[in-house]
Every structure is written in C-alpha cells, then in structure tokens.
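Okay, so here's the structure we're looking at.
Nothing in this text is a laboratory measurement; each read-out follows from the coordinates by a stated rule. Nothing here was measured: the structure is a model prediction, and the numbers come from that model. Glycine also receives a Cβ, built like all others from the backbone with ideal geometry; neighbour counts cover every protein chain displayed.
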Amino acid sequence: MGRFVLIVEKGVVARSRGKHAKRHHAFFVFSAFGQSRSRATETCLVNEDAQMARIEIVQSIDASIFDASNAEDLKKQIVHHFSEKGCPPTVEILSDTSVRIIFDTDTLEKAENNFHKASSLCSEGRFNAAKDLLQKAIKACPGFSEAHRLLGQVLFQQGEVDKGMDEVLEALLIDPKNMWALIMMGNILANGKNNVDAADKYYKKVLEYYPDNAIALNNVAGTLIRKKEYDSAIRYMKQALELDNSYTNSYYGIALAYYQKGDLDNAFKYASQGALKGTNRAEDPGVRQELLKLLLTTAKEIAKSTDYESKVFKFAHSLETKFGVTIKFERNDEQDTLAHLEFADFYHRKDHVVKYKKDGNYCHYILHELTHLEMMLSAQMNGKLQTIGFTQKNFDAFLQDYKRHFDEVKKKIGTVQAEQLAKHLFQGLSLQVMNAPLDLFVEQKIYEKAKFRPLQLTSLFAMESSNIDAVRQTANVSEFPQIIKDTNKLLNMLQSLLLRKLYGLDFVNQYKPSQNMMNRAIEFFKVFEDSQASFNAGDEYAVFEKIATTLGLIKYFTLSGVEKSEVKTESDKKQEQFNKIHNSATANPAITVMMSSYMVGAMEYFEELLPEDIEKIAFECALVGQNGINPAQKSGYKLNNVPGKDFSGYELLAYYYVSWAISHPEMLDKLQMPFADAYRMAKQILDSRRGEK
Ligand SMILES: [Zn+2]
C-alpha cells in the first residue's frame, strides 16, 4: 500500500456556505496529517460539485501509520485518526488504495459554537447558562477536550471542586497536552485542594510543553506567591512579561509579590506599568480591576509614609537657585483655595508667595503651584510670559451675552442675588478656562518627576471623584446657563483624559458626555499633546488661546496688562460706597461712642427676643442695607420686624451689626462694617450696668 485517495464528502454546511467552507474543511483534513495549509492547497485536487457538496481530495500519505491486519481494523484506525473532538467520521474502504471519509461537519460546528458562546458567558459570570451549552457540546462531541476543561472550570467556580476536577481529568485523558487543562488542574489542586506541591507538577508540565508561554509562566508564579516564594515568582512573571508585555496578570502578580514583600516602590512601579500596558482579557475577568485597586492602595500607603513636605520644599529651593528668586510660604488654613501662587511681578513684590492650607494632599497642591511658578519663570526667561486675566470690560461682555438668561433668573431669585450669581459664574468660568489647559502641562511636568507619582496619583484620584460629583450636581441647576455647564464638564474631562494617559485610570465616561463633547475633549487634549512634541517655555499660553478661542470664550479674557482679575456687580459698587462712608466715620471716636450706645439699646431689645426673630431682623437689615443706609439721616428708616420703631441711620446700623453679631457671628467679616470697636465697648457698658444691679 503506497497511496490513499481520500475522498472527502461534505455535509449540509458545505452546501449552504459555498466553496470557501469546503476549502476550509479540506485544510482541516490536511492539518490532521500535519500538513501546512498552503501545502495542502497545492497538493489537493478539488472537484467541486455544488449539488453534491462533494470535495474529492487526492493525497498520498505514509501508509505505515495504519498498521492494520484486515479491512475492519484499518477502518477503525482511520476513524480514530480522523476523529475530531470525539466526532467520528464515516469511513468506507473503496479499494486497496482508496477510502471515502465523510465528515459530519454540522455537528462539529455546532459544538464549537456552543463552546465559544460558553466561553463568553463565563467572562460575563453567567456560569449556569455556560454549563448548559458545554453539556450540549460534550454530548455531541464526547472527545472535545476543551469543552470538558471549561465545564470543569465552571463547576470549580461554582464550588463543586471534585466534579470540576473529574471533568478536567477527562479533558487531560483525551488530550494530555491540553495547556488550559493542565493549568486548570494546577489551579484546582492549589486553590481547591490546597495541595501546592501536586499543583506544581502540573504547572511544570505546562512549562515543559510550552516553555514560551506567558500564561503558563504566570500560573506557575501564582503558586509560588502562595508559598511566599516571592523572588522566584517575580522572576517567572518578569519572564512572562518579556514574552507578552500586555499581560495584565503578570503585572498584577509582580506588583502583588512586591507589595507582600513590603517593597512598595516596585509594587507601585509595576502596577502603574500594568495599568498603562495591560489589556483586558476574557479569560481573566476582573484582574485589571484588582490591579487598579492595588495601584491606588500602594500609592496611598507611599504617600502616607513619605515625607513629601521636605521633598516639596527642596524642590522650591532648587527653583530659587535655578532662577535666582525667593519663594515664601504662608500657611492659612482659613483660605478658600487649597493653594495659590502670587507671582512677585504681578503683585509688585520681591518674593513669590505660595499660600496654602494644610489639608488633605496639600503637598501636591504646593507642588502644583511651584510647578506653575517654574513654568512662568521659564517663560519669562524665554521672553514669552503672559498674563491672562479678566477685567470689568470682560465681565460686562459676559453679562451682555447672557442678559436674557440672567433677566429670567432675576425674576426667580431677585436682582442682587442674580447679579452675584452672574459674578460667581463668570469668575468660576474664567478661572477654569484659564487653568485647565495650563494644569495639563503642570501635572505632566509633575509626572516626569517619578518620586512624586504616588502623591500625584492619590491627589488626582481624589480630585477626579469630587469633579465627577460636582459636574453631576450642577447638571440640573437651571440658574446656570447651559454653555457654562457644558464648558465645566468639558474642561473636567481634560483632566480626566490626563489621568487616563498618565495612570491608565479611565473615568471620562462617568461625566456622561455626548459623542460630540467627547470628540471635542479628545481634540483639545490632542492640542495639548501635540504641543509637547517640541515644547518651548511659554507655548502653554498658545494652547490656552486655542482652546478658549475654539470655545468662543476668548472675549472674556484680557491677555496682558491685567493687574488683578476682579469684577464688581452693581450691588458690590453700592457696598463699596457704603463702606467708604462708614470707614471715615470710624476715624471719629465720638461716632464710636455714639454707635456703642445705640448698640447697647439694640442688645437690650434683643434680649427679649427668640433667636429666630433676631435672625429675621438681621436679614431684613441686610436687605435694607443693599440700597445703602445713610448714617447722617436723622429718621425715617423702618423695619417690619421691629414694629412701630423709627430708626435714624446710625441706629439702624447698630441694629444691623448687633443682630448679625448674635445670629451669624461668622458672617461679620463679610459685612465689612467697621464697628468692631463700638461693639466691644457696648458689651463692656452692658456688663458694667449689670454689675451695678
Ligand atoms: Zn493650576
């Protein structure tokens, strides 16, 4: 016997799917002989007959593989040889040199489909549905090794350790080199049976059969971690990364091993690399999530145990030396901002000042301001320093643009409140449009100093969560014009994109942007990234200008010569006028004495009242005060909450001050009324009167 003619007949599948399906199946036959696909195409003669769905393939094979004594025996051997996944072909011996083999491709394809569907169900955690499909696949093709293995894995996941092990053993009986089954056997022994040594034997087999397989290496390393043999585990997993540098499991394993060893720096390093380079895989659902958790935990622990304050001050000192400047730090835990920079030249001062409050990740905020300073000083050296700010003219333009909107708001909340709201929105918007692009540069520069990364990540992550919250909160406030809400969202998304770029943490979709807004955010981020390629100090201002222009907001900015960005509403202007009058009044000690006696009267009057009544008076005074109170007016002021009393200007001011001092002392400073001395005196007078009684 020197030559077989194999006549391969195809079933329904081939007929319905046309000639590609047939050819595909022909390859499959030749693969069984160990032929490469291209070689198979050259050597096979394909007679196609669409009606019959019949492919005739003539192929000579080494007859010695079938050492048969009779035809029946030969048939058995051929059936065995061509069985695919336990699905036997029908074999007919035609002559001494030819056989006909008919494959039931239909059943096989169905079983394979069921297996693939089951795999994806598993990655979604839908194990019961997966189990049904796998059992169907095994029923149709009892020798389907992978189906047995996956069924074993599902059973194990569901807590049926022994049944799971039986299925995996079945898979190995069918195919002793099934890599996934070997790994799974190891996993069941290590995790389900707590028999790490037995597991090791299976893993060693994997390494023996598949020495260049990252998954195999990683699983072996996993058992070593459980045995606390961290160094050799790390060695295997680094080997795995060399084979496949997108394998999240290895990054996670290495980071975890370092973390367990107490080497936080390396744990952070590998967790960060994994977050950036690792990919999500169906066979390891949840690993990426675990990796990111480990990354954040490690960052927080490093940030907590590191003396970042002295590192930050050291950095400040290096700037002083490099640029020949002095930097002063002022701690003020009462201030609104976490930290801000006062650039000496803009304040007509000799020193640069960083004001900060010691709160949360304050070292990062100081570092952030120092990096702004570094960029400004570099731009200055380059002759490209710019001031970006806004003036009253810019504010007026804003009010003009949103006149209709704020007119509506006025009807709802009143003129003064609407004006104040407009001012806050304008200031907030301007600061954000100004800062967001520059902050990208600042954080990118901080990232380049690797030792600050754990601090930076901890702080940016905390900020990200509060930004997402804030954007969600404002989404439904109708008093804010839509464009301001959109701009706020868009600019927050830029920082989110940076967090994704630097640390692989992707929250940008949590802002729930429209596709259009997403595209725009990506476009702006690209402007920033492109400018990095050939960056010259001062280029950051061009990026700001480009973004502000595209947003149509550049008219709200003045790009040079802004002394101090400050705007006033009409009521601010009145308040100023009011303060001017009263400030001159305090210069006169006679007025202080007079005020204090009015205040004593007010205090005695309030003693009879409930706190909420005093508060009502306080609010009413503020309302009257908004239109200005003329202290020189002898009479004619009235308060609904103090019925029947006619007030002079000074007396009303006394009631105003005292009612606030009692009901909202924390607000006294904001009232900017210069009567603290008079109030002290009034209290002394009252105390001494009581002493006499
Ligand atoms: Zn900033």
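Worth a mention:
- Just so you know, the Cα atoms of the chain work out to an Rg and Dmax of 39.3, 136 Å.
- Each part gets one Cα centre, and for region 304-364 versus region 247-286 those centres are 35 Å apart.
- What the Kirkwood sum gives for region 419-499 is a hydrodynamic radius of 13.8 Å, with every pair of different alpha carbons counted.
- Around Gly164: net Lys/Arg minus Asp/Glu count, Cβ-Cβ under 13 Å: -1
- GluC sites (Glu not before Pro) restricted to DSSP loop in region 285-380 with at most 10 other C-beta within 10 Å: Glu334
- Cα convex hull volume per residue for region 164-282 (Å³): 95 Å³
- Report summary: the helix-based calculation at 222 nm, which adds -39500 (n - 2.57) for every DSSP H run with n ≥ 4 and divides by the residues of the chain, gives -21000 deg cm²/dmol.
- Sorted from longest to shortest, the spans of the Cα atoms of region 380-431 along the three principal axes equal 51, 15, 13 Å.
- If the segment from Asn435 to Gln77 were pulled out straight at 0.36 nm per residue, it would be longer than the present Cα-Cα gap by 121.2 nm.
- Spacing of the modelled spin labels on Asp469 and Ala622, each 7 Å from Cα toward Cβ, amounts to 2.5 nm.
- The chain: relative contact order in percent, alpha carbon pairs under 8 Å with at least 6 residues between: 7 percent
- Theoretical gain in end-to-end length, Lys638 to Thr550 [0.36 nm per residue, Cα-Cα removed]: 26.4 nm
- Radius 13 Å from Cβ of Ser145, net charge of other residues (Lys, Arg +1; Asp, Glu -1): -3
- Crossing angle, helix 105-123 versus the chain [Cα axis fit, 0-90 degrees, rounded to tens]: 30 degrees
- Trypsin sites (Lys or Arg not before Pro) lying in DSSP loop within region 342-412, provided at most 14 other Cβ fall within 10 Å: Arg349, Lys350, Lys358
- Crossing angle, helix 196-209 versus the chain [Cα axis fit, 0-90 degrees, rounded to tens]: 70 degrees
- Cα→Cβ-extended label distance, 7 Å offset, between Lys277 and Gln427, nm: 4.8 nm
- Coil-residue GluC sites (Glu not before Pro) of region 587-693, DSSP, other Cβ within 10 Å capped at 14: Glu608
- Rounded tilt (10° steps) of 482-503 against the dominant C-alpha axis of the chain: 50 degrees
- Each of Ser120 and Lys358 was given a label point 7 Å from its Cα along the Cα-to-Cβ line. The distance between the two points is 5.7 nm.
- Unit Cα scatterers, Debye sum, region 308-381: log10 I(q)/I(0) for q = 0.15, 0.16 Å⁻¹: -0.45, -0.52
- Debye intensity ratio I(q)/I(0), log10, region 570-692, q values 0.09, 0.14, 0.15, 0.19 Å⁻¹ (C-alpha model): -0.22, -0.56, -0.64, -1.07
- Cβ-Cβ distance of Asp506 and Lys163, R₀ of 30 Å, FRET efficiency by 1/(1 + (r/R0)^6): the value works out to about 0.20.
- The simple Förster model, with R0 at 41 Å and r as the Cβ-Cβ distance, assigns Gln289 and Ile483 a FRET efficiency of 0.70.
- FRET efficiency estimate (nearest 0.05) - Cβ-Cβ, Lys445 to Tyr209, R0 45 angstrom: 0.35
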